[in-house]
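Chemist: One structure, as structure tokens, below. Some questions next.
The values are calculated or read from the model by the stated rules, or taken from the named source; none is laboratory data. Computed from a predicted structure; not experimentally measured. So basically every Cβ, Gly included, is an ideal-geometry build from the backbone, and we count neighbours across all protein chains shown. With ligands, DNA and RNA removed, areas are computed over all heavy atoms of the protein, side chains included. Shrake-Rupley method; radii C 1.70, N 1.55, O 1.52, S 1.80 Å.
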Protein chains: 2
Amino acid sequence: MAVNPIVVEVTRGPLVESRHRGALSIADSDGRIVLSLGDTTAPVFPRSAVKPLQALPLVEGGAARAFGFTDAEIALACSSHNGEPVHVETARSMLAKAGLTEDYLECGPQPPARDEDRFALREAGIAPGRIHNNCSGKHAGMLAVACFMGVDPRGYSSANHPVQQRVRQVMEEMAGVPLTADHCGIDGCSIPTWAAPLDSWAGAFAKVASGRGVDAGRAGALAHLRSAAANHPFMIAGTGRFCTILMDRLGASAFVKTGAEGVYCAAFPGPGLGVALKVDDGGTRAAECLMAAATAECAGLSADQSAALSDLVQPSVKNRVGIVVGDIRVAAEARAGLATIPGRP
Amino acid sequence: MAVNPIVVEVTRGPLVESRHRGALSIADSDGRIVLSLGDTTAPVFPRSAVKPLQALPLVEGGAARAFGFTDAEIALACSSHNGEPVHVETARSMLAKAGLTEDYLECGPQPPARDEDRFALREAGIAPGRIHNNCSGKHAGMLAVACFMGVDPRGYSSANHPVQQRVRQVMEEMAGVPLTADHCGIDGCSIPTWAAPLDSWAGAFAKVASGRGVDAGRAGALAHLRSAAANHPFMIAGTGRFCTILMDRLGASAFVKTGAEGVYCAAFPGPGLGVALKVDDGGTRAAECLMAAATAECAGLSADQSAALSDLVQPSVKNRVGIVVGDIRVAAEARAGLATIPGRP
């Protein structure tokens with residue numbers, strides 16, 4: 001197996017303390033791979049980084065319109081949220097509009113991400129439930145698709161349920177590769193996750209970015225997803241989260257989405273580029289740092305916008321007393337690769 | 001730079017999803033390196049994995065005896081604890097015996113590791129403080145050393161304070177290499193951390209394991225540290241923590257200590273071996289898995305004892321619904337290397 005390059009380094013004082021290897025692919029709106037760093041042909045489970053693709057059936061199929069889903073609700077269908085009150089209320093609203101309750105969710109219970117939200121639940125005597133699961137918005141969207149299709153929503157998380165078959169078909173069309181049982185795992189929230197090359201996921205996100213290479217109906221749905229996320233970045237993740245911070249600053253210029261195990265995907269509508277990356281070891285800090293650099297270099301930002309991302313491109317490592325003891329930074333080979341991309345400012 | 005081998009793989013369904021690279025060194029009581037996997041000569045910040053070495057001045061210098069420290073308190077001086085009530089009480093007791101209060105701690109505040117302990121503090125109206133910092137036992141021990149030496153305890157966390165100079169000297173003697181300013185970083189709790197090769201840390205822990213290669217006073221202090229940890233494994237970490245679980249099962253057969261950024265050290269008194277490992281990317285799950293395998297193979301355990309570690313050597317990955325979706329396992333090259341060690345059963 002080829003060895004992927006070091007993409008991110010973590011320093012402490014005078015030394016590099018830790019190193020993350022990984023791979024990154026960038027595709028343009030013609031479906032060409034314009035940057036391939038490391039092995040971008042090996043199958044990668046995209047996990048939650050493809051939630052924008054998994055939400056496409058909800059929007060293009062008509063369920064979102066039929067149930068009167070707001071842009072905030074559509075954004076939540078693409079989210080890995082913190083389980084903050086507004087996320088929970090929005091997921092409940094989606095379920096209610098589809099005529100369902102949280103009992104139908106098959107994602108399993110999960111405590112909210114933040115201490116203060118866990119404290120509040122405890123003080124209210126409420127056990128963390130399925131509605132607090134970071135994937136509850138995606139699941140509520142999938143349940144709405146089931147109801148709109150007129151099929152029994154129960155079992156919607158199984159690979160052979162009509163909803164998952166539809167999601168898989170849409171992802172195959174977007175990624176341009178078959179998603180097969182021998183590349184299927186079970187995700188943290190129990191739906192199937194299908195592994196495909198980073199090149200294929202980057203190609204799918206180039207379509208998300210540009211609306212090119214798809215029919216008019218899908219192009220409209222992709223534009224709707226992009227604007228929903230751009231207008232409601234808090235719904236995509238929440239307080240203190242990388243996706244929300246980046247999109248809050250950049251508006252419609254970048255649609256970024258994290259996934260577990262060091263995966264990140266992004267659509268940059270300006271230059272019409274799609275990005276997919278995976279850190280070999282699953283490290284989130286490295287995936288975020290590399291995605292920040294890809295955004296700064298390749299999203300078609302102004303020099304000022306790019307410079308304003310420096311806290312994300314090279315975040316400091318602080319200790320318990322608040323002293324800066326090191327930093328997290330993109331390694332030389334990845335930096336050089338990103339600098340070659342035509343979409344940079 | 002040499003590329004370290006993959007030491008741990010994380011699977012999901014039919015595929016390896018994530019991969020951790022790293023290096024591991026095992027030294028025997030004659031100071032020979034009996035296994036070197038990956039680059040074991042590059043400097044590594046040992047972080048909290050060398051707390052047993054940092055606690056040596058407390059025991060061998062006479063401070064622990066002078067202040068009447070119990071074995072539980074000596075174990076806490078070697079710990080990265082969860083901030084559970086018994087850890088906090090024990091750290092307070094150490095400070096009181098030295099005539100000090102937690103105001104002297106320079107480790108910075110940190111909330112307890114577990115939700116229920118954070119809830120309890122909040123319900124009691126207490127803000128997480130320095131006494132809850134996972135390093136408060138080590139710091140209380142260092143403060144006791146300062147008091148016993150008759151120097152001003154304030155500033156004890158600085159590299160030029162007599163306590164840190166003593167700690168550094170002891171670590172140099174144990175590791176057999178100079179610890180120099182150009183290899184010095186600041187740790188999470190603000191004391192200096194000195195980088196040295198894994199081979200040197202493994203050699204130091206072979207001395208911890210065997211008491212060989214040191215004078216009689218130090219050998220006695222090392223035996224005291226070993227028995228304190230073996231008798232109080234809960235003090236070394238806490239509920240649900242790898243160090244505590246492993247030592248709880250194995251008693252005096254293994255003295256293991258975790259450090260931040262994927263470092264682990266261990267002393268195996270049976271065969272007189274010392275182990276030091278570092279996962280390149282800092283991943284704790286991989287460091288634990290590799291240390292479990294090193295313990296099962298090299299600690300001189302019975303076949304039954306080794307087999308009983310399988311849940312740590314190859315832990316399952318479960319999702320939010322409780323389904324097993326993959327596992328964490330030692331990769332082939334590391335498995336083969338560990339199987340060559342004379343200390344195995």
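Chemist: Any residue that is farther than 30 Å from residue B:270 by Cβ and either among the small types (Gly, Ala, Ser) or open to solvent by 40 Å² or more (accessible area, probe 1.4 Å) (or both) - is there at least one of those in segment B:133-142?
Modeler: Checked against the condition, which is being farther than 30 Å from residue B:270 by Cβ and either among the small types (Gly, Ala, Ser) or open to solvent by 40 Å² or more (accessible area, probe 1.4 Å) (or both), segment B:133-142 yields at least one hit.
Chemist: While we're looking at this one, here's another question. Sort out which residues of segment B:118-132 are open to solvent by less than 30 Å² (accessible area, probe 1.4 Å) and either facing chain A (nearest Cβ under 9 Å) or in contact with a helix residue (DSSP H, G or I) (Cβ under 7 Å, 6 or more places away or on another chain) (or both), and write them in order of number.
Modeler: B:119, B:129, B:131, B:132
Chemist: For a quick check of your reading of the model, give me the residue pairs whose first member lies in segment B:205-217 and is farther than 13 Å from residue B:268 by Cβ, whose second is open to solvent by 50 Å² or more (accessible area, probe 1.4 Å) and part of a loop (DSSP other than H, G, I, E, B), with beta-carbon atoms closer than 7 Å and at least 6 apart or on different chains.
Modeler: Note: pairs meeting the criteria are B:213/B:31.
Chemist: Give me the pairs: first residue in segment B:137-160 and at positive phi, second residue open to solvent by 10 Å² or more (accessible area, probe 1.4 Å), beta-carbon distance under 8 Å, and six or more apart or on different chains, which are they?
Modeler: Taking only residues 6 or more apart or on different chains, the pairs are B:155/B:106; B:155/B:161.
Chemist: Another one. For segment B:149-165, which residues satisfy the criterion of being more than 13 Å from residue B:107 (Cα to Cα) and either within 19 Å of the chain's Cα centre (by Cα) or facing another protein chain (nearest Cβ under 10 Å) (or both)?
Modeler: B:164
Chemist: So residue A:168 fits all but one of (1) outside any loop (DSSP other than H, G, I, E, B); (2) within 14 Å of another protein chain (Cβ to nearest Cβ); (3) open to solvent by 70 Å² or more (accessible area, probe 1.4 Å); what number is the exception?
Modeler: Every condition holds for residue A:168 apart from (2).
Chemist: Right, another one. State whether one or more residues within segment A:27-48 are surrounded by fewer than 24 Cβ atoms within 10 Å (Cβ to Cβ), of a type in the set (Phe, Trp, Tyr) and either at pLDDT 95 or above or more than 20 Å from the chain's Cα centre (by Cα) (or both).
Modeler: Taking every residue of segment A:27-48 in turn, none turns out to be surrounded by fewer than 24 Cβ atoms within 10 Å (Cβ to Cβ), of a type in the set (Phe, Trp, Tyr) and either at pLDDT 95 or above or more than 20 Å from the chain's Cα centre (by Cα) (or both).
Chemist: Filtering segment B:171-190 down to residues that are among the acidic types (Asp, Glu) and surrounded by fewer than 21 Cβ atoms within 10 Å (Cβ to Cβ), which residue is nearest to the other protein chains (Cβ to nearest Cβ)?
Modeler: Result: B:182.
Chemist: While we're here: Go through the residues of segment A:77-85 one by one and say whether even a single one is more than 14 Å from chain B (Cβ to nearest Cβ), at pLDDT 95 or above and not in a loop (DSSP other than H, G, I, E, B).
Modeler: yes
Chemist: Can you name every residue in segment A:102-115 that is under 15 Å from residue A:81 (Cα atoms) and open to solvent by 10 Å² or more (accessible area, probe 1.4 Å)?
Modeler: Within segment A:102-115, A:109, A:110, A:111, A:113, A:114, A:115 meet the criteria.
Chemist: Please indicate, with yes or no, whether at least one residue in segment B:299-319 is under 30 Å from residue A:318 (Cα atoms), within 14 Å of another protein chain (Cβ to nearest Cβ) and either touching a residue at least 12 places away in the same chain (Cβ under 8 Å) or of a type in the set (A, V, I, L, M) (or both).
Modeler: no
Chemist: Give the residues of segment B:244-298 that are within 14 Å of another protein chain (Cβ to nearest Cβ), touching a helix residue (DSSP H, G or I) at 6+ places or on another chain (Cβ under 7 Å) and β-branched (Val, Ile, Thr), sorted by residue number.
Modeler: Answer for segment B:244-298, where residues must be within 14 Å of another protein chain (Cβ to nearest Cβ), touching a helix residue (DSSP H, G or I) at 6+ places or on another chain (Cβ under 7 Å) and β-branched (Val, Ile, Thr): B:263, B:279.
Chemist: Confirm whether residue A:113 is touching a residue at least 24 places away in the same chain (Cβ under 8 Å), within 24 Å of residue B:120 (Cα to Cα) and either touching a Phe, Trp or Tyr at 6+ places or on another chain (Cβ under 7 Å) or among the small types (Gly, Ala, Ser) (or both).
Modeler: Judged against the criteria, residue A:113 is a match.
Chemist: Evaluate the following for residue A:93: is it small (Gly, Ala, Ser), in a loop (DSSP other than H, G, I, E, B) and modelled with pLDDT of 95 or more?
Modeler: For residue A:93, the condition - small (Gly, Ala, Ser), in a loop (DSSP other than H, G, I, E, B) and modelled with pLDDT of 95 or more - is not met.
Chemist: Further question on the same structure: Within segment A:191-210, does at least one residue satisfy the condition of being at pLDDT 95 or above, open to solvent by 10 Å² or more (accessible area, probe 1.4 Å), more than 14 Å from chain B (Cβ to nearest Cβ) and within 24 Å of residue A:156 (Cβ to Cβ)?
Modeler: no
Chemist: What are the residues in segment A:112-132 that are in a loop (DSSP other than H, G, I, E, B) and of a type in the set (Gly, Ala, Ser), if any?
Modeler: Selection gives A:113, A:124, A:125, A:127, A:129.
Chemist: How many residues are under 19 Å from residue B:157 (Cβ atoms), outside any loop (DSSP other than H, G, I, E, B) and not hydroxyl-bearing (Ser, Thr, Tyr) if we restrict to segment B:96-111?
Modeler: 2
Chemist: When only residues in segment B:319-335 that are open to solvent by 60 Å² or more (accessible area, probe 1.4 Å) and farther than 14 Å from residue B:285 by Cα count, which is nearest to the chain's Cα centre (by Cα)?
Modeler: Only one residue fits best here, namely B:335.
Chemist: Then there is this: Does segment B:133-148 contain any residue that is among the basic types (Lys, Arg), within 30 Å of residue B:205 (Cβ to Cβ), within 11 Å of another protein chain (Cβ to nearest Cβ) and part of a helix (DSSP H, G or I)?
Modeler: No, segment B:133-148 has no match at all.
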